[in-house]
Amino acid sequence: MIIVRGGGDIATGVIQKLHRSGYKVLVLETEKPSAIRREVALCEAVYDEKKVVEDITAVLVRHHDELDKIWHSGFVPIMVDEEGKVISSLKPKVIVDAILAKKNLGTYKHMAPITIGLGPGFKAGYDVHIVIETMRGHNLGRLIFIGSAIENTGVPGLISGHGKKRVIHSPQDGIIHLVKGIGDKVYEGDVVATVNDVLVKATISGVLRGVIRDNTYVKHKMKIADIDPRIEEKENCYTISDKARNIGGAVLEAILYMENKLKQSGNQNG
């Protein structure tokens, strides 16, 4: 069994890779996930009971007694367990922290024979066994055995020359009401949503690749939407990103590496 903490869009790329490779994956999520790229985030099953992304289906379960039934059906179970309380009783072989909180929210080496942390906030060899680099660029997907990933810069990766401007943040605390939906074409200055009575406008022209769920309580400066300037690539809104697939492959590599290392250690001890 592999437990993946987090079911956002990057985590979904990891979950798909592991599920396709034959592992039994359990996803642990918060009570109110706040994914932006909701069309490719399995955490949406927390709200809708079920979520399909490409060829993978996540199903919400209330108790771990349901897990075998869900796995037997070919689906991925997802449970609301922000603190990871079921980890000690389920004793997974692998834990992947894919929360991407830029800090460690409670994943440590003693929790499983193999522990993997995605992005900054983890120290390989101390918090977890392996850290995966999540920063776009030359080192994306690199396995880190000692040390940490690159610190969060707060600047999104460039797409068609646009970086910081393609991400929209909440102007204040309040309830968001959507005017545009994922996949909609928007032009710079178009109203995408409102937070309370404040208009939230598109910062560039393009396709609304992701936007937080309607009627969600958001905080000031919280990321609430993402615009892809490549209008002709609308279908990207509904498929797992290159970054998520890359990181998913890196996690699979890390697990196989650790499994082989543990096997060699066991043979030497025997």
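The values are calculated or read from the model by the stated rules, or taken from the named source; none is laboratory data. Note that the structure is predicted; figures quoted are calculated from it, not measured. Heads up, the Cβs are rebuilt from the backbone with ideal geometry, glycines too, and the neighbour counts pull from every protein chain shown.
Values for this structure:
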quantity: Residue match in the range 230-241 (condition: of a type in the set (A, V, I, L, M, F, W, C), surrounded by fewer than 19 Cβ atoms within 10 Å (Cβ to Cβ) and modelled with pLDDT of 95 or more); calculated: no
quantity: Some residue of the range 203-219 being over 16 Å from the mean Cα position of the chain (by Cα) and more than 25 Å from residue 172 (Cβ to Cβ); calculated: yes
quantity: Condition check for residue 227: crowded, with 21+ Cβ neighbours inside 10 Å, closer than 21 Å to residue 51 by Cβ, in contact (Cβ under 8 Å) with a residue 12 or more places away in the chain and among the hydrophobic types (A, V, I, L, M, F, W, C); calculated: no
quantity: The range 171-182: number of residues that are closer than 17 Å to residue 233 by Cα and buried (at least 16 other Cβ atoms within 10 Å of the Cβ); calculated: 1
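Listed here are the residues, each with its yes/no results for (1) more than 18 Å from the chain's Cα centre (by Cα); (2) in a strand (DSSP E or B); (3) not assigned by TED's automatic domain parsing to the domain that holds residue 136.
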residue	(1), (2), (3)
183	yes, no, yes
189	yes, no, yes
194	yes, yes, yes
200	yes, yes, yes
224	no, yes, yes
249	no, no, no
258	yes, no, no
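Condition check ((1) buried (at least 16 other Cβ atoms within 10 Å of the Cβ); (2) in contact (Cβ under 8 Å) with a residue 60 or more places away in the chain) across all residues:
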site	(1), (2)
92	yes, yes
96	yes, yes
99	yes, yes
106	no, no
112	yes, yes
120	yes, no
125	no, no
130	yes, yes
140	yes, yes
